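**Student:** Can you read through this structure? Questions will come right after.
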Amino acid sequence: MKVMNPKRRDILKKFIGFMVAGALLPDVFKPKKLSAQNIKVDISKLSKVYKEEDPIVRMMRDLQRALKKPVEQRRWVMVIDTRKCVGCNACTISCIAENRLPPGVVYRPVVEHEIGEYPNVRKRFFPRPCMHCDNPPCTPVCPVNATYKRPDGVVVIDYDRCIGCRYCLTACPYNARTFDFGEFYTDGVGIHGLMPYESIYTEEYGVKRDRTKKKSPVGNARKCHFCLHRIERGLLPMCVITCIGRATYFGDANDPNSLVSQLIGQPNVIRLKEELGTEPKVYYII
Amino acid sequence: MRKVPAWFIILSGLGGLVGIISIIYRLIVGMKVTNLTSSVPWGEWVAFYIYFIGLSAGSFLFSTLIYVFGQKNIEKAGRMALVSAVIALIAGLLFVWIDLGHPWRFLNVFIHWHYTSVLAWEILFYVFYIIVIFAEAWYLMRCDLAYLRDTSSGFRKTLYGILSLGWKCPTTEERFKACHIQSLKVATVLGIIGIPLAIGVHGGTGAIFAVVKARPYWYSPIFPIIFLVSALVSGAALMTFLYAVLGDKKSPDYMNILRNLGGWMVLFISLDLLLMVAELLVGLYGNIPDHVYVLKTIMFGPYWYVFWIGQMGMAVIVPIVIYIFKRDSAFWLALAGLSAVVGIVGVRFNLVIPAFVAPPIPGLEDVYNQFRLLFEYFPSLTEWISSIGIISLVVFIFSLAYNFLPMFELPVEVIIKKGGES
């Protein structure tokens, strides 16, 4: 298990510190005059104003703690607070960027429901990643056992074994799986061929793969994997990091002290399509 | 014996060539030649896959009416049923093979066989099933093949030499008859083994869909049964058509056999209709949004004609009406058979594709606008051309098999006489 090296961790801490500081500057100083000279970040003052730390810092600590346990004692879950989701699609896009997803492959769309009629319209949003079910309907149907649930509960796909029959796509009650048809954003556009960003390696499951050679993951089923390659380096999934409203939480549900454990204990938590007995590991706070 | 005319063989051969070229094109370019999406992951090729598996199982089960259940009045269609069962199964497997994202990894199904997957079980079923029908067809034809080998020369001699597997038929009449009875006995035993296999083959193919609880339209115990019964329809219809067109018109019992075949066809169609109506009424009454949406799309959606003209018109009403009014005309019965065989294609399309039009998560249909994520599907040109090409290939192979194989039993005297001479 690789843990992030200390240097990187420090940089990240600093980075987050600056972010927090930046967000709170106006409150701290309530300045009469804000000039370059009198800006000086005093952390002790900061902590008085902002009592709670950013949930991301907390979740990263939870993550580090979970990674010290053997893999089978972890139970990764995701919690999505629909009250905080503003439908910005940052998670969708950052997921596409992180996993270099081609056109037609989406791991985490944000579903929008419109309530009421103009002019009295409201919208509610909920992102739909893979639910990483405890009883996944997609894994038993695979004829070659290429998709399975890991000991930590993450449902993964073995790209080298998958024959691309798409049975799992039909079996998922959440439409969480997509098929890689081998297309590129700039197919048939312009004369310069593929853009550099399209030929960057994907690093899903920690394996470097080049899509441009028509090899896996082209022709495979693809889905959200909770950014396993990030988790195992001590980083949170990309959608969690990029959520501007901090509406997405991630962590180890086997750890009673983790943020997600506390969140899923609330009464206003639901899971999608409970009636199918799939036991999803993505919880929605409503 | 009538032969398939040369012009027809050449025409279907050319069509088959188109099929092979389009398969190669598909293998080189990849799955993007299709109009499939991640929301409609199975389309025309899967529909034709279950169509041909159904045709195969239907033809085989039809042959067991003769060899297991002793329906002597349709015995002459027996070999034709077995041969078309073999060829249709190969066609079905070809369709599902080109539908794979990684066709060259198909051996993974055996290497990493996964016991919880219905699809994996089906692959095993197909293998055992094809062995059984091959064996049964060989046992039934071995003496005719040996005779043809001994009486022909050149290419035909080599062909029959391979097909007869070196079998030598007894030459005296008494022993020949014993051999004949033994062949029929073996065919009966293989037929009995084959019945559960064929039910497994096609009922199981239905179960591939029926176990998917994510799709209320599929998730019903009646689904595999509908697969089986509509397989029997297509098998009986194919036999009616083939026998009407290719059977020996001069033989005195020709019309009698044909009427019997038509009768079986209509019986199975009625059963199929019953199940179809049950499925529709219960589904509509249940008022589960996903389910009702699918049923309404089938009946009144943009492809309503697949249901009303194909499934109801060609596969149900036309054959039944013809059987009621024109059962004494070989031409009309051939038409009835053809109509049902083609109409069942509509049934197969409607069994697979409409299940995908209802988004499993309401609202998902508005999220996506990328082509590969839409909940809409119409086969691409490549899919159409390759499908028609593969069907031509199948017709081509069947025509050759019909012309070269002893589809109808040779008279005993002929075989014995020749055997006595050599």
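The values are calculated or read from the model by the stated rules, or taken from the named source; none is laboratory data. Computed from a predicted model, the values in this text were never measured in an experiment. Note that we place each Cβ from the backbone using ideal geometry, even for glycine, and neighbour counts take in every protein chain shown.
**Student:** Just a yes or no: is a residue in region B:49-71 away from chain A (no Cβ under 14 Å), hydrophobic (A, V, I, L, M, F, W, C) and surrounded by fewer than 21 Cβ atoms within 10 Å (Cβ to Cβ)? Full working, then the answer.
**Tutor:** Here is the first cut: in region B:49-71, the ones away from chain A (no Cβ under 14 Å) are B:51-71.
Still in the list and also hydrophobic (A, V, I, L, M, F, W, C): B:52-53, B:55, B:57, B:60-62, B:65-66, B:68-69.
Those left that are additionally surrounded by fewer than 21 Cβ atoms within 10 Å (Cβ to Cβ): B:68-69.
Yes; the residues of region B:49-71 include at least one that is away from chain A (no Cβ under 14 Å), hydrophobic (A, V, I, L, M, F, W, C) and surrounded by fewer than 21 Cβ atoms within 10 Å (Cβ to Cβ).
**Student:** Tally up the residues in region A:202-235 that are among the aromatic types (Phe, Trp, Tyr) and surrounded by 23 or more Cβ atoms within 10 Å (Cβ to Cβ), please. Outline the logic, then answer.
**Tutor:** We begin by selecting, within region A:202-235, every residue among the aromatic types (Phe, Trp, Tyr); these are A:205, A:226.
Now restrict to residues that are surrounded by 23 or more Cβ atoms within 10 Å (Cβ to Cβ): A:226.
The number of residues fulfilling the criteria is 1.
**Student:** Please pick out the residue among A:Val86, A:Val79, A:Val106 that is assigned to a loop (DSSP other than H, G, I, E, B) and within 14 Å of the chain's Cα centre (by Cα).
**Tutor:** Within the list A:Val86, A:Val79, A:Val106, the selection yields A:Val106.
**Student:** Test B:Ala336 against the stated conditions and say whether it is away from chain A (no Cβ under 14 Å) and part of a helix (DSSP H, G or I).
**Tutor:** Numbers: away from chain A (no Cβ under 14 Å): yes; part of a helix (DSSP H, G or I): yes.
So B:Ala336 fits the description; yes.
**Student:** Can I ask one more? Looking at this structure, is A:Arg271 among the basic types (Lys, Arg), farther than 17 Å from A:Cys224 by Cβ and assigned by TED's automatic domain parsing to the domain that holds A:Val71? Walk me through it before giving the result.
**Tutor:** On the way: among the basic types (Lys, Arg): yes; farther than 17 Å from A:Cys224 by Cβ: no; assigned by TED's automatic domain parsing to the domain that holds A:Val71: yes.
So A:Arg271 fails the test.
**Student:** Let me ask something else. Among the residues of region A:89-103, which ones are assigned to a loop (DSSP other than H, G, I, E, B) and touching a residue at least 24 places away in the same chain (Cβ under 8 Å)?
**Tutor:** Here is the first cut: in region A:89-103, the ones assigned to a loop (DSSP other than H, G, I, E, B) are A:89, A:99-103.
A:Asn99, A:Arg100, A:Leu101, A:Pro102, A:Pro103 - these are the residues of region A:89-103 that are assigned to a loop (DSSP other than H, G, I, E, B) and touching a residue at least 24 places away in the same chain (Cβ under 8 Å).
**Student:** Restricting the search to region A:126-157, which residues are more than 11 Å from chain B (Cβ to nearest Cβ) and not in a loop (DSSP other than H, G, I, E, B)?
**Tutor:** A:Lys149, A:Val155, A:Val156, A:Ile157
So that you can scan it fast, the table gives a plain yes or no per residue for (1) closer than 28 Å to B:Asp99 by Cβ; (2) in contact (Cβ under 8 Å) with a residue 40 or more places away in the chain:
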{"site": "A:Glu198", "(1), (2)": "yes, yes"}
{"site": "A:Met238", "(1), (2)": "no, yes"}
{"site": "A:Ile241", "(1), (2)": "no, yes"}
{"site": "A:Arg246", "(1), (2)": "no, yes"}
{"site": "A:Pro256", "(1), (2)": "no, no"}
{"site": "A:Asn268", "(1), (2)": "no, no"}
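So that you can scan it fast, the table gives a plain yes or no per residue for (1) more than 20 Å from B:Pro359 (Cα to Cα); (2) hydrophobic (A, V, I, L, M, F, W, C); (3) free of Cβ contacts under 8 Å to residues at least 40 places away in the same chain:
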{"position": "B:Glu279", "(1), (2), (3)": "yes, no, no"}
{"position": "B:Val282", "(1), (2), (3)": "yes, yes, yes"}
{"position": "B:Val294", "(1), (2), (3)": "no, yes, no"}
{"position": "B:Trp304", "(1), (2), (3)": "no, yes, yes"}
{"position": "B:Lys326", "(1), (2), (3)": "yes, no, yes"}
{"position": "B:Phe331", "(1), (2), (3)": "yes, yes, no"}
{"position": "B:Ile344", "(1), (2), (3)": "yes, yes, no"}
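**Student:** Is it the case, given these coordinates, that A:Ile286 is touching a residue at least 12 places away in the same chain (Cβ under 8 Å) and farther than 18 Å from A:Met60 by Cα?
**Tutor:** Numbers: touching a residue at least 12 places away in the same chain (Cβ under 8 Å): yes; farther than 18 Å from A:Met60 by Cα: yes.
Yes; evaluated as a whole, the condition is true for this residue.
**Student:** Tell me whether region B:255-262 contains one or more residues that are touching a helix residue (DSSP H, G or I) at 6+ places or on another chain (Cβ under 9 Å), surrounded by fewer than 24 Cβ atoms within 10 Å (Cβ to Cβ) and over 23 Å from B:Phe69 (Cβ atoms). Let's see the steps before the verdict.
**Tutor:** We begin by selecting, within region B:255-262, every residue touching a helix residue (DSSP H, G or I) at 6+ places or on another chain (Cβ under 9 Å); these are B:255-262.
Add one more test, that the residue is surrounded by fewer than 24 Cβ atoms within 10 Å (Cβ to Cβ), and what stays is B:255-257, B:259-260.
Next, from what is left, pick out any that are over 23 Å from B:Phe69 (Cβ atoms): none.
Checked against the condition, which is being touching a helix residue (DSSP H, G or I) at 6+ places or on another chain (Cβ under 9 Å), surrounded by fewer than 24 Cβ atoms within 10 Å (Cβ to Cβ) and over 23 Å from B:Phe69 (Cβ atoms), region B:255-262 yields no hits at all.
**Student:** May I ask you to list the residues in region A:68-80 that are farther than 18 Å from A:Val155 by Cα and surrounded by fewer than 21 Cβ atoms within 10 Å (Cβ to Cβ)?
**Tutor:** A:Lys68, A:Lys69
**Student:** For residues that are more than 7 Å from chain B (Cβ to nearest Cβ) and within 15 Å of B:Arg372 (Cβ to Cβ), scanning just region A:178-196, find the one that is nearest to the chain's Cα centre (by Cα). Full working, then the answer.
**Tutor:** Quick first cut of region A:178-196, residues more than 7 Å from chain B (Cβ to nearest Cβ) only: A:180, A:184-196.
Checking which are within 15 Å of B:Arg372 (Cβ to Cβ) leaves us with A:180, A:184-185, A:187-188.
Details: A:Asp180: 20, A:Phe184: 23, A:Tyr185: 23, A:Asp187: 28, A:Gly188: 31 Å.
Result: A:Asp180.
**Student:** Checking the condition buried (at least 16 other Cβ atoms within 10 Å of the Cβ) and within 14 Å of another protein chain (Cβ to nearest Cβ), which residue from B:Arg327, B:Arg372, B:Arg348 passes?
**Tutor:** Numbers: B:Arg327 fails: within 14 Å of another protein chain (Cβ to nearest Cβ); B:Arg348 fails: within 14 Å of another protein chain (Cβ to nearest Cβ).
Just a single option satisfies the conditions, and that option is B:Arg372.
**Student:** Tell me which helices (runs of 4 or more DSSP H) are completely within region B:98-176 and hold 2 or more residues being surrounded by fewer than 22 Cβ atoms within 10 Å (Cβ to Cβ), away from every other protein chain (no Cβ under 14 Å) and modelled with pLDDT of 80 or more, or say none if there are none.
**Tutor:** Values: elements: B:108-111, B:118-151, B:154-164.
It comes to B:118-151, B:154-164.
**Student:** Does region A:111-125 contain at least one residue that is in contact (Cβ under 8 Å) with a residue 24 or more places away in the chain, crowded, with 17+ Cβ neighbours inside 10 Å and in a loop (DSSP other than H, G, I, E, B)? Please lay out each step first, then the result.
**Tutor:** Initial filter on region A:111-125 (in contact (Cβ under 8 Å) with a residue 24 or more places away in the chain): A:112, A:123-125.
Still in the list and also crowded, with 17+ Cβ neighbours inside 10 Å: A:125.
Checking which are in a loop (DSSP other than H, G, I, E, B) leaves us with none.
Scanning region A:111-125 turns up no residue that is in contact (Cβ under 8 Å) with a residue 24 or more places away in the chain, crowded, with 17+ Cβ neighbours inside 10 Å and in a loop (DSSP other than H, G, I, E, B).
**Student:** Given the residues B:Ala207, B:Ala278, which is the only one that is surrounded by fewer than 22 Cβ atoms within 10 Å (Cβ to Cβ) and within 14 Å of chain A (Cβ to nearest Cβ)?
**Tutor:** On the way: B:Ala278 fails: within 14 Å of chain A (Cβ to nearest Cβ).
Only one candidate qualifies: B:Ala207.
**Student:** Pick from region B:32-46 the residues that are surrounded by fewer than 23 Cβ atoms within 10 Å (Cβ to Cβ) and assigned to a helix (DSSP H, G or I): which of them is nearest to the other protein chains (Cβ to nearest Cβ)?
**Tutor:** My answer is B:Lys32.
**Student:** Related question: Pull up region A:163-174, narrow it to residues that are under 22 Å from A:Lys281 (Cβ atoms), over 17 Å from the mean Cα position of the chain (by Cα) and assigned to a loop (DSSP other than H, G, I, E, B), then point me to the one that is farthest from the other protein chains (Cβ to nearest Cβ).
**Tutor:** Among those residues, the one meeting the criterion is A:Cys172.
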